[in-house]
Amino acid sequence: MKKAILIGPFTQILPLNKLPLRGALKDEQLEVINHGGIVVSGGKIIAIGAYEELKKGDHELEVINESQVCIPGLIDAHTHICFGGTRANDYAMRNSGKSYLQIAKAGGGIWDTVTQTRMASKKQLIDGIIHRSNRHLKNGVTTLEVKSGYGLSVDQELKMLRAIKEANSQVKQDLISTCLAAHMVPKDWNNSAEAYLLEISESLFPALKAEDLTQRIDAFIEDSAFSGLEIAPYFKAAKKQGFDITVHADQFTPGGSEIAVHYKAISADHLEVSSQKEIDLLAQSETIAVALPGASIGLGCDFTPVRKLLDAGAIVAIASDHNPGSAPMGDLLTPACILGAFQKLSNAEVLAGITFRAAAALKLKDRGILEIGHKADFISYPTNNYQEITYQQGQLKPNGVWKNGTRVNPS
Ligand SMILES: [Zn+2]
């Protein structure tokens, strides 16, 4: 049998364990293991603690020679990295003062990405996902969610979700797929939301199960997409067929989070315009609030009221929303750090939002903290002080990334 491997010594290890899933966190609550090590075997953590103690065991050694701070691998719980084309012209038009409608009339908006994604081959989509996943890997993301939603027909959504499944077998990370066929009413359905959603739930949902393409159904609840009334039968059908629900909620107008809580969604994502009513609803529910600061930065909009959500006792994760339209930066840590500066979030709250709280938003119980029995997914930064990670606002890059106990970036 292969010997277990002791990796270390790390100047500091932040296991991020024993912290509450819900509510505010103070940095004093963070456990810091100084001069620590992690023993991995079979892809899992089998011991973690003081390096010198662990060294007494019979392990192979993977020696870290410089100052490094180790934290769990980052988890990005909301991305749209399966797409064709670019929306650079949208971005330029928006920043030149053009309205959403003017941009749509000029051929931009989500429909532009739908058109370009429909034209792309499955191979081209796979290559795009791999390229973007590799970039996330360099930034320490070891698990990421990927949505469909630019196909908007049974066949095209299948093409996207098959591409995500195939890409998953070719990248170092775990890709968690989500069906977002309810992203907007496709133009070729003549604004008939009801008929389109019925077609998706009757024809696409069974195919998703048959090919094991996803367990998750997402919908965009918004004036420009679907109303609560329109989405009700869709979510009921999804739940009946055993899918988990997640919702794009309260981005431009409130209301989506209430629907998310009503349908016991795993998460309600966006929440930029959530008021105290929505904040209280989420705080009293099991639905995880996912902030997407990359979209606020991309659109020049307000940030999600994360401080209020945490103080009210909500579970808050932070994700990149990496997409060609509103979050083209496509980074997780930099927007999370900027959100932290604007919303006055502790280091513990920012790090929790992109690790174990993000894992919860994907219903993953085996990662996001460094603890015996959990996946050996962790990253290390070239510094001797964990505060540098958020202080450098994403510009301090990890120089060690381990997935399932194996180093997946060049040392
Ligand atoms: Zn999104």
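Check the range 41-60 and report whether any residue there is of a type in the set (S, T, N, Q), over 11 Å from PRO9 (Cβ atoms) and part of a strand (DSSP E or B).
yes
Taking interchain pairs and intrachain pairs at least six residues apart, which have beta carbon atoms under 7 angstrom, with the first residue in the range 83-102 and of a type outside the set (Phe, Trp, Tyr) and the second surrounded by fewer than 12 Cβ atoms within 10 Å (Cβ to Cβ)?
GLY84/MET119
Answer yes or no as to whether GLY151 is in a loop (DSSP other than H, G, I, E, B) and either open to solvent by less than 10 Å² (accessible area, probe 1.4 Å) or in contact with a Ser or Thr (Cβ under 7 Å, 6 or more places away or on another chain) (or both).
yes
For the range 281-305, enumerate the residues that are over 18 Å from THR253 (Cβ atoms) and more than 17 Å from the chain's Cα centre (by Cα).
Residues satisfying the conditions are ALA283, GLN284, SER285, GLU286.
So in the range 168-199, with the set limited to residues that are in contact with a strand residue (DSSP E or B) (Cβ under 8 Å, 6 or more places away or on another chain), touching a residue at least 60 places away in the same chain (Cβ under 8 Å) and farther than 17 Å from LYS239 by Cα, which one is farthest from the ligand (Cβ to nearest atom)?
Looking at residues that are in contact with a strand residue (DSSP E or B) (Cβ under 8 Å, 6 or more places away or on another chain), touching a residue at least 60 places away in the same chain (Cβ under 8 Å) and farther than 17 Å from LYS239 by Cα, I get LYS172.
Each row is one residue, and each column tells you yes or no for (1) under 28 Å from TYR100 (Cα atoms); (2) away from the ligand (no atom under 14 Å from the Cβ).
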site	(1), (2)
ALA295	yes, no
PHE303	yes, yes
VAL306	yes, yes
ALA312	no, yes
ILE315	no, yes
ASP321	yes, no
PRO328	yes, no
ILE338	yes, yes
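Given the criterion open to solvent by 10 Å² or more (accessible area, probe 1.4 Å), within 16 Å of the chain's Cα centre (by Cα) and more than 14 Å from the ligand (Cβ to nearest atom), identify the matching residue among ILE245, ILE266.
Answer to the check: ILE266.
State all residues of the range 54-93 that are open to solvent by less than 60 Å² (accessible area, probe 1.4 Å) and of a type in the set (D, E, K, R); if no residue qualifies, say none.
Residues satisfying the conditions are GLU62, ASP76, ARG87, ASP90.
May I ask you to list the residues in the range 160-207 that are of a type in the set (A, V, I, L, M, F, W, C), within 21 Å of the chain's Cα centre (by Cα) and in a helix (DSSP H, G or I)?
Passing the criteria: MET160, LEU161, ALA163, ILE164, ALA167.
Can you find, within the range 200-241, the residue that is most open to solvent (accessible area, probe 1.4 Å) among those that are small (Gly, Ala, Ser) and within 16 Å of the ligand (Cβ to nearest atom)?
Step by step, filter the range 200-241, then rank; the result is SER224.
Only one residue in ALA319, ALA360 is open to solvent by 10 Å² or more (accessible area, probe 1.4 Å) and within 11 Å of the chain's Cα centre (by Cα). Which one?
ALA360
How many residues are crowded, with 22+ Cβ neighbours inside 10 Å and in a helix (DSSP H, G or I) if we restrict to the range 299-316?
3
Looking for whichever is within 16 Å of the ligand (Cβ to nearest atom) and farther than 22 Å from LYS365 by Cβ here; the options are ASP90, ASP27, ASP58. Which one fits?
Selected residue: ASP90, the only one of ASP90, ASP27, ASP58 that is within 16 Å of the ligand (Cβ to nearest atom) and farther than 22 Å from LYS365 by Cβ.
State yes or no: is ALA163 surrounded by 14 or more Cβ atoms within 10 Å (Cβ to Cβ), modelled with pLDDT of 95 or more and in contact with an Asp or Glu (Cβ under 6 Å, 6 or more places away or on another chain)?
no
Among the residues of the range 1-53, which ones are within 28 Å of GLY340 (Cβ to Cβ), among the acidic types (Asp, Glu) and open to solvent by 80 Å² or more (accessible area, probe 1.4 Å)?
Selection gives GLU28 alone.
Can you name the residue in the range 125-147 that is open to solvent by 30 Å² or more (accessible area, probe 1.4 Å) and more than 16 Å from the ligand (Cβ to nearest atom) and is also farthest from GLY85 (Cα to Cα) among such residues?
Filtering the range 125-147 for residues that are open to solvent by 30 Å² or more (accessible area, probe 1.4 Å) and more than 16 Å from the ligand (Cβ to nearest atom), the one farthest from GLY85 (Cα to Cα) comes out as LYS138.
The values are calculated or read from the model by the stated rules, or taken from the named source; none is laboratory data. It should be emphasised that the depicted structure is a prediction, and the values quoted were computed from it without experimental measurement. FYI the Cβ positions are ideal-geometry reconstructions off the backbone, even for glycines, and counts take in every protein chain you see. Note: areas computed on protein heavy atoms with side chains; ligands, DNA, RNA excluded. Shrake-Rupley method; radii C 1.70, N 1.55, O 1.52, S 1.80 Å.
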